[in-house]
Amino acid sequence: MSSLSRELVFLILQFLDEEKFKETVHKLEQESGFFFNMKYFEDQVQAGEWDEVERYLCGFTKVEDNRYSMKIFFEIRKQKYLEALDRYDRAKAVEILVKDLKVFASFNEELFKEITQLLTLENFRQNEQLSKYGDTKSARNIMLVELKKLIEANPLFRDKLTFPTFKASRLRTLINQSLNWQHQLCKNPRPNPDIKTLFTDHTCASSNGTRAPPPTNSPLAGPAPKAGGFPPIVAHSPFQPVVSPSPSAIAGWMSNANPSMPHAAVAAGPSGLVQPSGPAAFLKHPRTPPGAPAMDYQTADSEHLMKRIRSGQSDEVSFSGSTLPPNIYSQDDLPKSVVRNLSQGSNVMSMDFHPQQQTVLLVGTNVGDISIWEVGSRERLAHKPFKVWDISACSKPLQTTLVKDATISVNRCIWGSDGSILGVAFSKHIVQIYMYNPAGELRHHLEIDAHIGGVNDIAFAFPNKQLCIVTCGDDKTIRVWDAVAGRKQYTFEGHEAPVYSVCPHHKENIQFIFSTAIDGKIKAWLYDCLGSRVDYDAPGLWCTTMAYSADGTRLFSCGTSKEGESHLVEWNESEGAIKRTYSGFRKRSLDVVQFDTTKNRFLAAGDEFQIKFWDMDNTNLLTVIDADGGVPASPKLRFNKEGSLLAVTTNDNGIKILANTDGQRMLRMLENRAFEGSRGLSESGNVKPPITGALGTIANVSGPLVPNPERSDRIQPTVSVGTLAGVESSRTPDIKPRISDSVDKIKSWKSPDIVDSSQLKSLRLPDPWMTSKVVRLLYTNSGLALLALASNAIHKLWKWQRTERNPSGKSTASSVPQLWQPSTGALMTNDLSDTKPSEESAAPACIALSKNDSYVMSASGGKVSLFNMMTFKVMTTFMPPPPAASYLAFHPQDNNIIAIGTEDSTIQIYNVRVDEVKTKLKGHQKQITGLAFSQTLNVLVSSGADAQLCVWNIDGWEKRKARPILAPPGHPSPLVGETKVQFHNDQTHLLVVHESQIAVYDSHLECLRSWYPRETLSAPISSAIYSCDGMLVFTGFCDGAIGVFDADSLRLRCRIAPSSYIPSSVASGGGSAFPVVIAAHPSESNQIAVGMSDGTVHVIEPSDAEPKWGGSAPQENGTLTSVPSNSGLNSQPSETPSR
């Protein structure tokens, strides 16, 4: 069913309601599943019409769809059950218990038993939890409040709780328009036609008494009806006359452009016609894959499909009726605490966080200067006052303008997608493009005399896989420039007012640009010469900016009218209609309101001397903060990519940095690092930081970089994403490393050995079934429990209890946990393949835990099993071998998608919702042993027993790069053997673990530093992992020792000898146990757990006297790279209004 068919259903619903066909209205609502009538639902609940309540609900959801649906049905059936008990109708209560409530027993057996026991009570109010149950009416009203919250939170009801807004009797109006059209096509139209039926097309009788032949089927045959040219049809028709609509009024959001009408909004023709195929057709249905049947994202088809197969939303996992809960965000995820104050010195006009370094902020001001700040250390890395680089190359109008008035302002500054390039748009004519390297150095790249008047916005885009610069200006044009040489590639004309903002985007392989002008017009352009595909009015009809959510699926705009009315809305792209309008702005804003998005979940805008936040799915304000005061009426703001930091402008020419818990933790990590002199090579580090950007290699560095003279005390590691193919590299001479005196101090310091149990805290976890080695080990995300998988396919779960000694209940070596089992005594045991391997040649084992710790996915050579962590029950199994699964990783944006590494060297991208392998990735020669996603880089990195690393783009799953890991000096090459990978917290640096080494690689698979076993740690490496704060690397060795390394330099901080944590009675029992796997606590950065080859599990922490590992070690200089931010919005003081 197309989107127009869906809208027809709404028109029919309106018609039925106006004609008082009440039962039919609700039947159609239920059968179509398009609109959930909350008022009707409330009425049926309050009337106790339980059968009708469930029948109506079933048109939209089923019990097993998700946890919200399950809770809705449970509350209804529980109320029905209690009412039967309250009437002392035991027979009815038993019937409800057996038929309606027993279905929930499989999810919560204890609760079902408790409900059953109510039958034994004289009055169920004797149960303590039901003691406050009142009468039936009040109980139903209380339940209704809960049901409404559940329905509003349920993703299956999204966009179904509000009836679309349109004029009354709309169906009658459309039919009347059709009759007008039909009459205009009559060969002999009569002034007062006699219309007696709608079953056939209308034609006026010929003058000789015969009927004229019916018109051709093509609506284009004959003249278009003139507005108001047809008299009212009243004699035999209830339909009132209307003015015939113009073609543009019924055209879609993005229909094909007519080449003969280069600036027309749409091609002429009725909306029902099938438009010819062409590149712009994608913009009409931007989410439909090429070659697939046309289907709008929010149309009836997709909603019907969701309703029929119960697929849920993209952030849920469904397994044959079992659903993992969606990712839940709370207000605590918002950055609301002021943690930094930066003094810029002049009025800030634009800001943008670095796309990979979360704490690096680009700032442009009203005096034309730009600055780059490291907000963690409050240091200004670079500062460039405005200067025309080559006045002789400027146009005469610009030279004249600068002579008359030399003042100039930054309207917009923005990073390129990989952070190696940045652009600045100024209030007079020009844009300047800089190259940026991780040392904090800015290098002139391009200066373009781009527009006559102010350049109001700048952005980067990738049409034809070539980096381009998109600008717009007071001269009413949008222009596209080659980012290598600055050549103009396209000029888009069609706006009738200065262009205020641009928003480049792409859907699959279609690149396009949205633009807004100060007359409120929105246009969209493909990279061709056929004119705009859209001519639409933005709310407020003045200054509007547009931005997509981080995942590129939702489009928002924020604008302010000349009268000061602000509008924040979400658009339905496929229809060109406003999907929702967010409330909460003051009636008259004092300035143009600026907004930003984060986490694909939240919106923020500066208004009324405050920062206001919205949930994207709720039009009401989520919360408001004042950032401790001192912000202007409409502060400018910008999130970093992770949404952990928010930069906000202040009245005193400064910037406040707000942070959430993650942001505060990240800043504390930076504070713990010493920035004292340039960074030197430690004796164990092999450093090679290449710096590659979107336009080619910036420098070939064989040693540490000599920093920018402005910032001689700080070096940043390489963070660029990738080099575009076909672009020439520009190289600067190699820079020799400068080693400071502090390096000698580091070399002269010897890492301590921890050899005795008194030097640390260690706990061997209780385990009566210790028979097989531990092959996988992980903490729960809450840090309250530890989960192990043994080589015999049995899982073990230890839970810590809240005690006086351990009030938090978190895992600790100071308190003995319980080896937990459900009351049934069940074990979590994986499916085993028919051929049971020996201990020496154990089948591949893998495990992954859901974000809320409720479910675990696991395999031990057989099928992949999904377990309920509360009951240990198998919820489902899938993917029987061969090949057996060897590694599991959830897609970071969609828990329904799982990357499954297998023993046959392939990676299967598996959609659990539809139980289907979507694609197979082939690039390894041996078993897959590691998978790691980076949402920042939008990649999956895989590693295998072939010691190869592969990088895959997660949009199309094509392979970006592959290379073997580097062999240590004197080691046979190429390497083979199990290789593991893990991304650092910054999501750009990769820890690579092999028995021969631990190494840190960048996003290009260049090895930045590595460490090889030697001296006191000479045994092969068995496992390694980052600490939760990314500051340390814990490494296990096959002789039982554990090494603690600095994550930055891979310098050894301390060695933990096996004698310090393995009891002497165990050690003397023969055989040397060693840590097969190490797990890092999710919030305690110095706590680890080790799963041993003898089946034991130990929790290890530093001693109370020395709370950090190797705490007396001197600190090296280092930094933490970071993650992209959303593209910023503009600010300009030219003839367009100030932002």
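The values are calculated or read from the model by the stated rules, or taken from the named source; none is laboratory data. Owing to the predicted nature of the structure, the values given are computational and were not obtained by experimental measurement. Methodologically, a virtual Cβ is constructed for each residue, glycine included, from the backbone with ideal geometry; neighbour enumeration extends over all protein chains shown. Accessible surface areas use protein heavy atoms only, side chains included; no ligands, DNA or RNA. Shrake-Rupley method; radii C 1.70, N 1.55, O 1.52, S 1.80 Å.
A few comments on the model shown:
- Scope the stretch 985-998; condition in contact with a strand residue (DSSP E or B) (Cβ under 6 Å, 6 or more places away or on another chain) and closer than 30 Å to Thr359 by Cβ; matching residues: Gln987, His989, Leu990, Leu991, Val992, Val993, Gln997, Ile998
- Count of residues meeting criterion [among the aliphatic types (A, V, I, L, M), in contact with a Ser or Thr (Cβ under 8 Å, 6 or more places away or on another chain) and open to solvent by 10 Å² or more (accessible area, probe 1.4 Å)] in the stretch 559-591: 1
- Candidates Thr902, Thr936, Thr906, Thr919, filtered to the one that is in contact (Cβ under 8 Å) with a residue 60 or more places away in the chain, of a type in the set (Ser, Thr, Tyr) and on the phi < 0 side of the Ramachandran plot: Thr936
- Any pair with Cβ under 7 angstrom, 6 or more apart, that starts in the stretch 1008-1032 at a residue that is free of Cβ contacts under 8 Å to residues at least 40 places away in the same chain and ends at one that is of a type in the set (Ser, Thr, Tyr) and crowded, with 21+ Cβ neighbours inside 10 Å: Ile1021/Thr1035
- Residue list for the stretch 787-828, filter: free of Cβ contacts under 8 Å to residues at least 12 places away in the same chain and open to solvent by 40 Å² or more (accessible area, probe 1.4 Å): Arg802, Glu804, Arg805, Pro807, Ser808, Gly825
- Scan of the stretch 71-105 for residues that are over 20 Å from Glu49 (Cβ atoms), open to solvent by 30 Å² or more (accessible area, probe 1.4 Å) and free of Cβ contacts under 8 Å to residues at least 12 places away in the same chain, ordered by number: Tyr88, Ala91, Val98, Lys102
- Residue check, Arg140 among the basic types (Lys, Arg), in contact with a strand residue (DSSP E or B) (Cβ under 9 Å, 6 or more places away or on another chain) and touching a residue at least 40 places away in the same chain (Cβ under 8 Å): no
- Checked against the criterion of being surrounded by fewer than 22 Cβ atoms within 10 Å (Cβ to Cβ) and not polar (S, T, N, Q), the candidates Val339, Val348 yield just one match: Val339.
- Residue that is nearest to the chain's Cα centre (by Cα), among those in the stretch 1-25 that are open to solvent by 70 Å² or more (accessible area, probe 1.4 Å) and among the basic types (Lys, Arg): Lys22
- In the stretch 108-140, the residues that are loosely packed, with under 14 Cβ neighbours inside 10 Å, within 43 Å of the chain's Cα centre (by Cα) and closer than 23 Å to Leu57 by Cα: Ser138
- The residues listed here are Gly1040, Gly1036; of these, the one that is within 21 Å of Gly1110 (Cβ to Cβ), touching a residue at least 12 places away in the same chain (Cβ under 8 Å) and in a strand (DSSP E or B) is Gly1036.
- The set of residues in the stretch 62-94 that are among the hydrophobic types (A, V, I, L, M, F, W, C) and closer than 16 Å to Thr116 by Cβ comprises Phe74, Leu82, Ala84, Leu85, Ala91, Ala93, Val94.
- Residue match in the stretch 1075-1082 (condition: under 30 Å from Asp596 (Cβ atoms), at pLDDT 90 or above and open to solvent by 10 Å² or more (accessible area, probe 1.4 Å)): yes
- Any hit, the stretch 420-429, residues being part of a loop (DSSP other than H, G, I, E, B), farther than 23 Å from Glu508 by Cα, open to solvent by 40 Å² or more (accessible area, probe 1.4 Å) and in contact (Cβ under 8 Å) with a residue 40 or more places away in the chain: no
- Residues of the stretch 997-1012 satisfying the condition of being part of a loop (DSSP other than H, G, I, E, B) and surrounded by fewer than 21 Cβ atoms within 10 Å (Cβ to Cβ): His1004, Leu1005, Glu1006, Tyr1012
- Qualifying residue in the stretch 856-863 (condition: at negative phi, within 31 Å of the chain's Cα centre (by Cα), open to solvent by 20 Å² or more (accessible area, probe 1.4 Å) and modelled with pLDDT under 90): no
- Evaluation of Val470 against the conditions (1) open to solvent by less than 10 Å² (accessible area, probe 1.4 Å); (2) farther than 15 Å from Ile513 by Cβ shows that the sole unmet condition is (2).
- Once the stretch 543-558 is narrowed to residues that are of a type in the set (A, V, I, L, M) and without any contact (Cβ under 8 Å) to a residue 60 or more places away in the chain, the residue that is surrounded by the fewest Cβ atoms within 10 Å (Cβ to Cβ) is Leu555.
- Among the residues of the stretch 448-461, the one identified as open to solvent by 10 Å² or more (accessible area, probe 1.4 Å), more than 14 Å from Lys488 (Cβ to Cβ) and not hydrophobic (A, V, I, L, M, F, W, C) is Gly453.
- Of the residues in the stretch 917-934, none is open to solvent by 60 Å² or more (accessible area, probe 1.4 Å), assigned to a loop (DSSP other than H, G, I, E, B), under 21 Å from Arg1009 (Cα atoms) and not acidic (Asp, Glu).
- Enumeration of residues in the stretch 106-121 that are at pLDDT below 85 and not in a helix (DSSP H, G or I): Ser106, Phe107, Asn108
- Applying the set (1) part of a helix (DSSP H, G or I); (2) surrounded by fewer than 17 Cβ atoms within 10 Å (Cβ to Cβ) to Pro164 leaves exactly one unmet item: (1).
- Of the residues in the stretch 583-596, none is at pLDDT 90 or above and in contact with a strand residue (DSSP E or B) (Cβ under 6 Å, 6 or more places away or on another chain).
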